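The values are calculated or read from the model by the stated rules, or taken from the named source; none is laboratory data. Owing to the predicted nature of the structure, the values given are computational and were not obtained by experimental measurement. For neighbour counting, all protein chains shown are included, and Cβ atoms are generated from backbone atoms with ideal geometry for every residue, glycine included.
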Amino acid sequence: MVSGLLVMLVVLWQACFGGDVPVASRYVVGEKAVLYLLCGLVWFNTLVVMVHVVNRLCRKGHRAGRFLWLQLLTGLGTSVFFFGEMRDGHVWNPMGWSLLPGLLMGLFSFINLRSYWKDKHRRGGRGYRSNPATSFFTYMLSVVLLSTVMLVSPGATQHPISLEDAFFMSASATSITGLTTLNVAETFTAFGKLVLLVDIQVGALGVMTFTYFVLMMLGKRLAVRDSVSVSGFLDQQGESIVRPLLISVGGVTLIAEAIGAACLYFLWLGHQDIPQMELLGYAVFHSVSAFCNAGITLFPDNMATHYMSQAYAVQGVMMLLMFLGTLGFGVYLELMMRVRQRLSGKRVQRRWSTHSWLVVRVTLLVLLVGCVGMSLLGYLEPSQHAQNGAYSVWESLWNAVGRSAGFNLTDIGDYGVVYKLFLCVMMFVGGNPAGTGGGVYAPVVAICVLEVLRVLRGVQDVEIHNRRLARQTVDRALATVLLSVFWIGVTTLLVLLLEPALAVQKDGLLKVFFMEVSAFTTTGYDLGAVSELSRWSKLIVSLNMLFGRVGMFTFMLIFVRQKDPSPARFPETRLPLS
């Protein structure tokens, strides 16, 4: 089990600290000892797995599962590769070929160690008592710290970067925010960009969701506690829904990103401003970044680069990917179930679930209000931003759809003050539960509005879609909005205290407030404040991005233990409020 982890660590060490020579020749220029060490570890790991497979096959009534066969095939393939490497002493781009199998062997060993540890606890009568919210935040922070170590290494960057910049970039990618302190294309090597891409993908799906999806695909069964955690974090109820939900998450993500990458590839094919040698990498990176609403690009000025700001077909593909990501996997799950029922000849219910009903309507309403509102503001408000007819509506639609992504077609700083504040509201509203968008989520804001209307009308319950919303759902929505507003205000004041040069600027308050809203809602729009931050302010903004991705309500559950409802209640009293 440990040998696979050692293979992964050695491969990552070579990628990060393999010297100043090009990646393609690090194994063959004075580093034969590393190659021999890897060969020994790979062959030993493959031999151990082979013994397990033979042992399973020899037992009466037993058979080797899918997970063991995958381990064996990966080990045999990697062993053959390294045998040819040792015999010939040279192979084209060995790091590129060995990185993936090395990571796979490490992943398999990690899963085995995880199963062994859980079995040991189960046999000892001890269970996992950690708060799921604590586990989720710990996983996120662990990914950020591991990515920080990789990004600060010589193999990930073209030139040395500071530790705080590496941490900021890792936090931004993992939280799918998009705020950057460095130029991604000019700063990071292919390995560094791969680290950011993995951070974006893992962060968008959620570390726990991504892990459990991999386990399920490898034939591992989820424990009851794992199923409860996944259903809770994806805002779905019931353990039986977890498996089809994970399938919808993984399936929709892979299909959407693959189709998006193919479309971008052919749209950029032969384009003189896109490096044709890296065309596939550009297409995959931007497809993943768009679907995950990460807002990180390989262009120097985001989508405002002159040859991208007028590429309407590319913008249309990325806009569709952003919309599909924010819609939420719960809607896709219900759609897949309905299609499956119709194809099998079963009767399909006419009534959609309240979740899908609310998500679709609120999403379309937010897009309509955002597009019309920003179009009018761009036309009526005096600003340095050039607005012209149809392009103004197109850009407003782009900003409304990408309110959780942070891709900007023009310089956000040229907009008027009211436009920027309206964009802050759009960022705060964000996407939908179980989606890749950020914000407090549009259905949450809608529930709060309905609760205010309920109080004004004097009715007892919030009713939508011929259903009465549970009081717990309404209370959680109100708590989420209030905690988020309070947190954004506190972090804005804190950054202003740490950055007096920003505070005395004419628009310093707006720049910092805009940045904090963008960071907490994991959007990525910026008015230029990020480039003026000191070390401690970058740390605060980095943590703000992580808190925003975890969710303020979920984050508070780390410190506050929820109590079981008590049947005993105090007598009711009333207080004067006006």
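Overview of results
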item	result
Helices (runs of 4 or more DSSP H) wholly inside segment 157-275 that include at least 2 residues being at pLDDT below 85, more than 25 Å from Met322 (Cα to Cα) and not assigned by TED's automatic domain parsing to the domain that holds Val359	207-217, 224-233
Every pair of residues 6+ apart whose Cβ atoms lie under 9 Å, when the first sits in segment 131-154 and is surrounded by fewer than 16 Cβ atoms within 10 Å (Cβ to Cβ) while the second is outside any helix (DSSP H, G or I) and at pLDDT 85 or above	Pro154/Pro160
Single residue of segment 438-497 satisfying the filter (among the hydroxyl-bearing types (Ser, Thr, Tyr) and either within 21 Å of Thr354 (Cα to Cα) or without any contact (Cβ under 8 Å) to a residue 12 or more places away in the chain (or both)) that is surrounded by the fewest Cβ atoms within 10 Å (Cβ to Cβ)	Thr473
Where Val429 falls short, out of the listed (1) within 30 Å of Glu395 (Cα to Cα); (2) surrounded by fewer than 22 Cβ atoms within 10 Å (Cβ to Cβ)	(2)
Cross-chain or 6+ apart pairs with Cβ under 7 Å, segment 293-310 first and not assigned by TED's automatic domain parsing to the domain that holds Asp526, then part of a strand (DSSP E or B) and buried (at least 16 other Cβ atoms within 10 Å of the Cβ)	Thr297/Met303; Ser309/Met303
Subset tally (residues that are of a type in the set (Ser, Thr, Tyr) and within 16 Å of Glu278 (Cβ to Cβ)) for segment 295-312	3
Residue match in segment 562-577 (condition: touching a residue at least 24 places away in the same chain (Cβ under 8 Å) and either charged (D, E, K, R) or not in a helix (DSSP H, G or I) (or both))	no
Residue list for segment 408-445, filter: of a type in the set (Phe, Trp, Tyr) and modelled with pLDDT under 90	Tyr415
Residues being closer than 13 Å to Arg467 by Cβ and touching a Lys or Arg at 6+ places or on another chain (Cβ under 9 Å) - total across segment 347-377	3
Which listed residue is assigned to a helix (DSSP H, G or I) and modelled with pLDDT under 90, from Arg351, Arg338	Arg338
Tally, over segment 405-442, of residues that are of a type in the set (Gly, Ala, Ser), closer than 21 Å to Asn544 by Cα and part of a helix (DSSP H, G or I)	1
Members of segment 304-322 found to be of a type in the set (A, V, I, L, M, F, W, C) and surrounded by fewer than 23 Cβ atoms within 10 Å (Cβ to Cβ), listed by number	Ala304, Met308, Ala311, Ala313, Val314, Val317, Met319, Leu320
Candidate set from segment 498-518 (those that are closer than 21 Å to Gly548 by Cα and buried (at least 21 other Cβ atoms within 10 Å of the Cβ)); member that is nearest to the chain's Cα centre (by Cα)	Ser518
Members of segment 453-472 found to be in contact with a helix residue (DSSP H, G or I) (Cβ under 7 Å, 6 or more places away or on another chain) and not in a loop (DSSP other than H, G, I, E, B), listed by number	Ile464, Arg467
Phe547 vs. criteria assigned to a helix (DSSP H, G or I), over 21 Å from Phe167 (Cβ atoms) and aromatic (Phe, Trp, Tyr)	no
Qualifying residue in segment 367-388 (condition: without any contact (Cβ under 8 Å) to a residue 12 or more places away in the chain, in the same structural domain as Pro443 (by TED's automatic domain parsing) and surrounded by 17 or more Cβ atoms within 10 Å (Cβ to Cβ))	yes
All positions within segment 174-205 that are under 19 Å from Leu527 (Cβ atoms) and out of contact with any Lys or Arg (no Cβ under 8 Å at 6 or more places or on another chain)	Gly178, Leu179, Thr180, Leu182, Asn183
Any hit, segment 415-423, residues being surrounded by fewer than 17 Cβ atoms within 10 Å (Cβ to Cβ) and among the hydroxyl-bearing types (Ser, Thr, Tyr)	no
Residues that are free of Cβ contacts under 8 Å to residues at least 12 places away in the same chain, hydrophobic (A, V, I, L, M, F, W, C) and in the same structural domain as Cys448 (by TED's automatic domain parsing), drawn from segment 343-364	Leu364
In segment 504-517, the residues that are assigned to a loop (DSSP other than H, G, I, E, B) and of a type in the set (A, V, I, L, M, F, W, C)	Val504
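Table: residues versus (1) of a type outside the set (Val, Ile, Thr); (2) touching a Ser or Thr at 6+ places or on another chain (Cβ under 7 Å); (3) outside any helix (DSSP H, G or I); (4) closer than 30 Å to Arg535 by Cα.
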{"site": "Glu451", "(1), (2), (3), (4)": "yes, no, no, no"}
{"site": "Leu482", "(1), (2), (3), (4)": "yes, no, no, yes"}
{"site": "Val485", "(1), (2), (3), (4)": "no, no, no, yes"}
{"site": "Leu494", "(1), (2), (3), (4)": "yes, no, no, yes"}
{"site": "Leu497", "(1), (2), (3), (4)": "yes, no, no, yes"}
{"site": "Leu502", "(1), (2), (3), (4)": "yes, no, no, yes"}
